[in-house]
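Accompanying notes for the structure given below.
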Amino acid sequence: IQLATYARTVSDVDVLVLDAIAEKCTESDVLQRIHSTAADMVVSLVGVETFGQDIGCLERLKKSCPNVTFAVFGYYPSTFSEDILRQSSIDIILRGEPEEPLGAYLAARPGIGVTEAIPGLAGRSDTGTVFSNEDRRIADLDALPFADYSLVRKELYEEAFLGGPCGAILSTRGCPFTCTYCTTTYGHQIIMKSPEVVVEEMKHLTGEGIKFIRFLDDTFTLNPKRVIAICKGLLEANLRVAWSCLS
């Protein structure tokens, strides 16, 4: 939702968010949706535990829609960009934080050769050579537009035992720790939203009908002073919303 909102806001493109799992769509349902909307680009998150199934599904969709540009993002695509491009039909990979590479790609189309210079983008050159550019971190997370939950069916999202509708906020990107059982999609450099913006985003979500908020930060409690500032902001705003985080 965050990426779709960014693309619509910054690049002024028409977007449709399809959560095939939440909406219980079959693969043929997804294919029909691509055709019915005349989509010219499909952007998909590729999971860690479901990597093989996700890529396999996208390969079949690409075969049925050869003129549609297929882009992926996520931990594995960011880490193994060139391998994925060489062994699949995926057209481009949005490495690291996907917002700015996608925005720059949409602005550059259909400039021949222009996309090869975009930071954070991996793909194939006009001659078919695979390229993978270094990703660039977003310096100011406060500048990102808040996710527009009107793009999805909010009633489909609930938090176990706590109800819904449930929304999510990623207020910190990066994690300083090197736990062997974990993946750090955004690396070890920490970039945080300010407490004031976090509270405003929580207000935004509750205004859209969200009743429960899940923080997706790898380690939300990394900076105790920031957590206390957020909690004080919630009290001052009299914002009564249930939320959870990882620590």
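The values are calculated or read from the model by the stated rules, or taken from the named source; none is laboratory data. On a predicted model such as this, the values are computed, not experimentally measured, just so you know. With ideal geometry, Cβ positions are generated from the backbone for all residues, glycine too; neighbour counts draw on all protein chains shown. Ligands, DNA and RNA are stripped out before the accessible areas are found, and what is left, the full protein with its side chains, is counted by its heavy atoms. Shrake-Rupley method; radii C 1.70, N 1.55, O 1.52, S 1.80 Å.
Peptides 219-225, 124-130 ordered by packing proxy, namely the average of other Cβ atoms within 10 Å per residue, highest first: 219-225, 124-130. In the chain, the longest principal axis of the Cα atoms and the axis of helix 99-108 are about 40 degrees apart.
In nm, what is the difference between 0.36 nm times the number of residues separating Thr26 and Lys63 and their Cα-Cα distance?
Working: separation 37, 0.36 × 37 = 13.32 nm, distance 1.66 nm.
Contour length minus the Cα-Cα distance gives 11.7 nm.
Looking at this model, which pairs from Lys154/Lys203; Lys193/Lys225; Lys24/Lys211 are more than 18 angstrom apart at the alpha-carbon?
Flagged as over cut-off: Lys24/Lys211.
Result for the chain in a Gaussian network model with C-alpha springs under 10 Å: among Glu82, Glu208, Glu23, the largest mean-square fluctuation is at Glu23. Geometric descriptor of segment 148-238, per residue, is 122 Å³ (volume of the convex hull of the Cα atoms). Electrostatic bookkeeping for Tyr181 treats Lys and Arg as +1 and Asp and Glu as -1; over the other residues with beta carbon under 15 Å from its beta carbon, the sum is -2.
When the Debye formula is applied to the Cα atoms of segment 2-70, each taken as the same point scatterer, what base-10 log of I(q)/I(0) results at q = 0.24 Å⁻¹? Evaluating at q = 0.24 Å⁻¹ gives log10 I(q)/I(0) of -1.26.
Largest mean-square fluctuation among Arg173, Arg137, Arg60, in a Gaussian network model of the chain whose springs join Cα atoms under 10 Å apart, belongs to Arg60. Once all protein chains are placed together, Leu94 keeps about 0 Å² accessible to a 1.4 angstrom probe.
Roughly what % antiparallel, to the nearest 5, for the DSSP beta bridges in the chain?
Details: 8 of 23 bridges.
Bridges in the chain are about 35 percent antiparallel.
Let me check I have the definition right: for segment 197-247, take the eigenvalues of the Cα gyration tensor, multiply each by 5, take square roots. What are those semi-axes in whole Å, largest first?
Working: eigenvalues 64, 37, 13 Å².
Ellipsoid semi-axes (Å, largest first): 18, 14, 8.
The ellipsoid that matches the Cα gyration tensor of segment 100-160 has semi-axes, each √(5λ) in whole angstrom, of 31, 15, 12, with the longest given first. Quick one: helix 51-64 against the long Cα principal axis of the chain, what's the angle to the nearest 10°, folded into 0 to 90? The two axes meet at around 50 degrees.
If you wrap the tightest convex hull around every Cα atom of the chain and split its volume per residue, you get 135 Å³. Gyration tensor analysis over the Cα atoms of segment 23-162 returns equivalent ellipsoid semi-axes of 25, 20, 16 Å (largest first, whole Å). By the rule of a second cysteine Cβ within less than 4.7 angstrom, the chain holds isolated cysteines at Cys25, Cys57, Cys65, Cys166, Cys175, Cys231, Cys245.
All C-alpha to C-alpha distances of segment 59-140, sorted into 10 Å bins beginning at zero, yield P(r) values of 19, 54, 25, 2 percent in whole numbers.
For Gln53 and Ser247, the FRET efficiency from 1/(1 + (r/R0)^6), where r spans their Cβ atoms and R0 equals 35 Å, is about 0.70. Taking segment 152-171 and a reference point 7 angstrom along Cα→Cβ of Lys225, the backbone N atoms nearer than 20 Å belong to 171. Here Ala160 and Val17 are evaluated by their C-beta separation; at R0 = 22 Å the FRET efficiency comes out at 0.45. Between helix 27-36 and the chain there is an angle of about 80 degrees, using the helix long axis and the longest principal axis of the Cα atoms.
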